[in-house]
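J.: One structure, pasted below without further comment.
The values are calculated or read from the model by the stated rules, or taken from the named source; none is laboratory data. The structure presented is a predicted model; accordingly, all values stated were derived computationally and were not measured. Every residue, glycine among them, receives a Cβ derived from its backbone with ideal geometry; neighbour counts consider all protein chains shown. Surface accessibility is based on the protein's heavy atoms, side chains included, excluding ligands, DNA and RNA. Shrake-Rupley method; radii C 1.70, N 1.55, O 1.52, S 1.80 Å.
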Amino acid sequence: MNTAHASLPIDKVIPQLCDAMSANRNCLLVAQPGAGKTTRVPLAIIEDEKLGSGRWLLLEPRRVAARLAANYMAAQIGEDVGKRVGYRVRGESKISALTRLEVITQGILTRMLQDDPSLEGVSGIIFDEFHERSLDADLGLALCLDVQGALRDDLRLLVMSATLDVKSLLAVLGEETPLVECPGRTFPIETLYRNAPARERAENHQCKIVSEALSSHEGDILCFLPGQAEIRRLQRVLEERLSTDIDICPLHGQLTLAQQQEVLRPSPQGRRRIILSTAIAESSLTVPGVRIVIDGGLERVPIFQVRSGLAKLETRSVNAASADQRRGRAGRVAPGVCYRLWPQDRVLASHREAEILQADLASLVFEVVRWGISSPRSEIAQLQWVDTPPPSAINSAVSLLESLDLLTNEGGLSELGKQCQRWPTQPRLALLLQHSIELACPALGCWLTAWFEESIGGSSCDIEAIFESRHSMAARLLKRWERSSKQWAGRLNCTLDIKSLTPMPVLLARAFPDRIAQKQGGDKDKSLMRFKLASGGQAIISSQQTLSQSDYLVAVELDGDAAGARIFQGIAISKKQLESCLDNASQWNPHIYWDNNSGRLVGEEQRRIGALILDSRPMQSLPPEAVKTALLDALRSRASFKWSKEDAQLIGRLRLLRRIVGEPWPDVSDEALLASMEDWLGPRLESITRLDQVDRLPLAQFFKESLDWSLQSQLSSIVPTHLEVPSGSHIAIDYREQEPVLAVKLQEMFGMTETPRIVDGKVPLLIHLLSPARRPLQITRDLAGFWAGSYFEVRKEMKGRYPKHPWPEDPSSAVATAKTRRHLSQ
């Protein structure tokens with residue numbers, strides 16, 4: 001193998017790395033930016049006979065990185081790509097029988113594992129740039145570890161990056177996993193901070209820093225921006241203000257391979273270049289000639305909102321690990337400088353949060369169910385995750401897949417799910433493709449899937465209008481769209497001739513049933529039209545858009561604001577089309593609910609899609625079981641009970657027992673009682689149709705009667721309702737507050753020196769000693785102490801006020817009485 005090239009820091013540790021990998025099936029490599037790990041390590045591995053004679057897979061986070069890395073390594077060994085070094089990305093493959101190193105994107109690995117879990121012929125897998133923690137990388141590693149444990153104990157895994165969470169990785173790879181570390185290039189990098197003035201537009205400030213860098217330093221400039229919109233804005237400003245002898249080169253994932261390769265080559269005329277890049281240049285790619293980095297300090301990431309079921313793009317500050325990666329780009333070929341466009345004292349998060357903790361997990365759940373996890377809600381933790389997927393996101397994903405009819409209620413793949421698994425794309429688009437075959441419009445399915453996958457977008461909110469005018473869009477966009485569509489047409493074995501756009505609303509409604517939207521009306525100034533989503537959220541669209549006049553839409557692209565998600569792309573759909581494509585839209589189903597406005601139960605038959613009511617009509621009679629369910633739902637929505645005085649006393653007694661004794665006494669908090677209403681209240685609701693009737697029922701008594709007889713029989717002795725006091729009266733104990741209270745006239749307690757207790761002597765009563773007018777004179781838990789002390793102050797004050805009542809000098813030996821002196825003398 002021809003390896004004649006300049007020395008890189010990684011070359012010094014490659015022998016150590018290969019030895020570690022030959023002795024262990026898993027290994028970690030931390031190599032700083034500029035070390036050369038991406039292009040040197042894989043070539044060394046396939047040359048080392050100790051590491052197997054099969055293929056090795058190198059995983060890259062992006063298609064552009066995979067293609068460029070493969071081309072670069074093939075050139076290093078003097079071959080065309082596709083021989084010993086090849087690549088495979090979505091819809092494109094350059095490999096052959098000679099290929100020993102296959103550079104692939106992370107999603108391709110999942111597809112390979114699903115097709116052949118044993119990975120026949122593969123010696124090992126290299127996870128490059130794992131610090132980015134993409135969803136596909138985390139899933140791929142979890143599946144590979146599962147394969148290691150069950151099928152291939154000889155499968156080798158190498159995880160490498162410049163910044164790794166070593167502790168978390170060792171927890172899943174094994175504490176004995178060797179760690180090899182390598183420094184990066186040693187060219188010094190000067191770091192300068194240039195925070196923008198408060199009200200200056202970002203592109204104007206960035207242009208000033210570019211001008212400063214051009215005049216102060218040598219070399220090309222790599223400028224990091226969060227997205228294509230920011231790249232276009234800065235490009236326009238630079239073209240207006242800079243001389244024409246400088247090349248301005250955008251770099252992002254939507255460019256063709258040829259365009260990307262052009263940016264990654266030095267200018268043939270020797271002109272200075274300014275590369276305006278998204279995060280794709282942060283790692284994996286080396287841009288030659290760059291000695292200056294200008295880092296805007298921002299990144300744009302989709303954050304999944306579990307509540308709304310939508311992803312919201314957020315522009316936020318980069319983390320420290322990413323900032324260091326970007327800075328390192330300035331020191332690859334010579335001493336460099338990095339301008340950071342934020343205050344020097346700003347504190348950055350240490351690492352990027354794993355995508356698995358903040359993404360829509362529908363694709364992940366679909367894949368793990370295919371893998372054999374039949375109950376993802378409870379069993380997904382069976383796989384070894386660096387970060388376990390959040391249960392709330394898993395539940396949301398399972399619910400979505402069930403609503404798409406891709407999963408059964410038991411958690412396995414449905415028949416439709418099994419048909420969709422053959423299409424290598426996300427579940428919604430696989431479903432769209434499958435339905436396009438059933439509706440005899442596969443070409444339309446291919447164009448739509450490619451449009452979504454390539455994020456083509458368009459100048460209109462109306463997807464149908466975009467398709468109608470697609471041949472007049474920018475040639476670059478159309479070419480990319482057509483290329484991806486042809487790849488899908490090859491899989492579906494169809495042409496790309498769209499016969500009609502008529503089925504489009506139906507295809508999109510089936511793939512996005514939760515995003516069907518019903519018009520609600522305009523806002524106060526009529527500038528926005530409001531729609532209600534089938535998922536229950538609200539959506540808005542400008543009243544100037546033609547789509548705003550439609551009664552129903554499929555809002556396929558929205559932001560993540562559940563209170564008013566803005567519709568970016570959608571398509572009009574008629575009620576008739578909805579009824580034809582969704583079973584529940586054409587079926588009348590009973591719906592009985594409590595109407596707070598009218599204060600009564602309402603019974604309707606409805607045709608609905610999720611939260612949307614298409615039609616309704618009154619029910620002639622209300623089924624008893626449905627009435628019961630509606631009443632219970634009304635109580636839950638109220639979230640509390642209207643206890644009578646007797647009910648409050650009984651509930652107070654039970655709460656005291658739960659607090660002091662615990663099991664087997666039940667939890668009688670409002671939350672627990674509401675959760676168990678079907679058991680103790682449901683059977684008592686026969687012939688009840690109004691909520692005020694429920695409020696008049698002896699609810700606490702019903703609950704008591706649902707308890708075991710042994711508990712019911714103990715209740716009166718452990719927490720009695722009344723206590724006999726020395727006067728002979730039976731005084732009620734008040735259990736409505738936290739502590740049980742005995743409110744009794746002071747004279748009725750003469751002679752009692754020990755505070756009475758309940759719950760087998762565990763709980764002293766709080767004694768409210770009352771005046772003859774039944775006003776509190778003293779509150780105590782210590783009767784003996786009261787008689788010996790405070791009583792005499794009370795006696796002095798009260799004796800003259802209530803002379804007809806006894807106030808003895810020795811209350812502990814006096815006769816208790818509820819009567820006055822005159823009655824006592826008779």
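J.: Taking amide H positions as placed 1.01 Å from N in the peptide plane, with prolines and chain starts having none, which residues 5 or more places from R272, or on another chain, fall under 5 Å of its amide H?
T.: Correct list: D247.
J.: Sorted by accessible area with a 1.4 angstrom probe, largest first, how do K208, K796, K94 fall?
T.: K796, K208, K94
J.: Let me ask something else about it. Solvent-accessible area of V166, probe 1.4 Å, all protein chains present, reported in Å² to the nearest ten, please.
T.: 40
J.: Shifting gears a bit: Could you report the accessible area of E793 in Å², rounded to 10, computed with a 1.4 Å probe on the protein chains as they sit in the structure?
T.: 120
J.: Using a 1.4 Å probe on the protein heavy atoms, what percent of the accessible area of the chain belongs to carbon and sulfur?
T.: Working: 17750 of 37320 Å².
Roughly 48 percent of what the probe reaches on the chain is carbon or sulfur.
J.: Taking amide H positions as placed 1.01 Å from N in the peptide plane, with prolines and chain starts having none, which residues 5 or more places from L558, or on another chain, fall under 5 Å of its amide H?
T.: F568
J.: Would you tell me the accessible area of H217, worked out with a 1.4 angstrom probe on the heavy atoms of the protein chains, in Å² to the nearest 10?
T.: 50
J.: Considering only protein heavy atoms, with the full assembly of protein chains and a 1.4 angstrom probe, order K532, K642, K12 by accessible area, largest first. Please list the in-between numbers first.
T.: Values: K532 60, K642 115, K12 175 Å².
Sorted descending by solvent-accessible area, the residues read K12, K642, K532.
J.: Another question, if that's okay. Using just the helices of the chain, give the 222 nm mean residue ellipticity in deg cm²/dmol: DSSP H runs with n ≥ 4 each add -39,500 (n - 2.57), and the total is spread over all residues, rounded to 500.
T.: Calculated from helices alone, the mean residue ellipticity at 222 nm is -10500 deg cm²/dmol.
J.: Using only Cα atoms, tell me the angle between helix 135-150 and the longest principal axis of the chain; keep it within 0 to 90° and round to the nearest 10.
T.: The helix 135-150 is inclined about 90 degrees to the chain.
J.: With contacts defined as alpha carbon pairs under 8 Å and 6 or more residues apart, what's the relative contact order of the chain in percent? Don't skip to the end; give the middle numbers.
T.: Numbers: 1456 pairs, mean separation 57.8, N = 826.
Relative contact order, the chain: 7 percent.
J.: Listed here are the pairs K704/K762; K645/K704; K532/K628; K532/K576; which of them are more than 27 Å apart at the Cα?
T.: K532/K628
J.: Something else: Arrange the residues H730, H131 by how much accessible surface each exposes, largest first, with a 1.4 angstrom probe.
T.: Largest accessible area first, the residues go H730, H131.
J.: OK, next. Amide H neighbours of L770 under 5 Å, counting only residues 5+ apart in sequence or on other chains, H built in-plane at 1.01 Å?
T.: V744, K745, L746, L777
J.: At 0.36 nm per residue, and after removing the present C-alpha to C-alpha distance, how many nm does the segment from D667 to S378 gain when stretched out fully?
T.: Stretched fully, the D667-S378 segment lengthens by 101.4 nm.
J.: Follow-up. In sequence order, what are the phi-derived ³J(HN,Hα) couplings for the stretch 531-541 according to the Karplus relation 6.51 cos²θ - 1.76 cosθ + 1.60 with θ = phi - 60°, rounded to whole Hz, with x for glycine and proline?
T.: Per residue, the Karplus-derived 3J(HN,Hα) values read 10, 9, 8, 4, 6, x, x, 10, 9, 10, 8 Hz.
J.: When ligands, DNA and RNA are left out and all protein chains stay put, how many square angstrom of accessible area per residue does the chain have with a 1.4 Å probe?
T.: Per-residue accessible area for the chain comes out at 45 Å².
J.: A further question follows. Put a dot 7 Å past each Cα toward the Cβ at Q778 and E438; how far apart are the dots in nm?
T.: The answer from the label model is 8.2 nm.
J.: Now a separate question. What list of ³J(HN,Hα) values in whole Hz, one per residue of the stretch 24-38 in order, does the Karplus curve 6.51 cos²θ - 1.76 cosθ + 1.60 (θ = phi - 60°) give from phi, with Gly and Pro shown as x?
T.: Karplus values, whole Hz, x for Gly and Pro: 9, 7, 10, 8, 10, 10, 10, 10, 5, x, x, 6, x, 5, 5.
J.: Report, largest value first, the span of the C-alpha coordinates of the chain along each principal axis, in whole Å.
T.: 126, 65, 60 Å, listed from the longest principal axis down.
J.: Okay, moving on. As an exercise, identify the trypsin sites (Lys or Arg not before Pro) in the stretch 137-207 lying in DSSP coil whose Cβ has no more than 10 other Cβ atoms within 10 Å.
T.: Within the stretch 137-207, the qualifying trypsin sites (Lys or Arg not before Pro) (loop, at most 10 other Cβ atoms within 10 Å) are R199.
J.: So which trypsin sites (Lys or Arg not before Pro) in the stretch 334-404 are both in a DSSP loop and have at most 15 other Cβ atoms within 10 Å of their Cβ?
T.: In loop regions of the stretch 334-404 (DSSP not H, G, I, E or B), the sparsely surrounded trypsin sites (Lys or Arg not before Pro) are R346.
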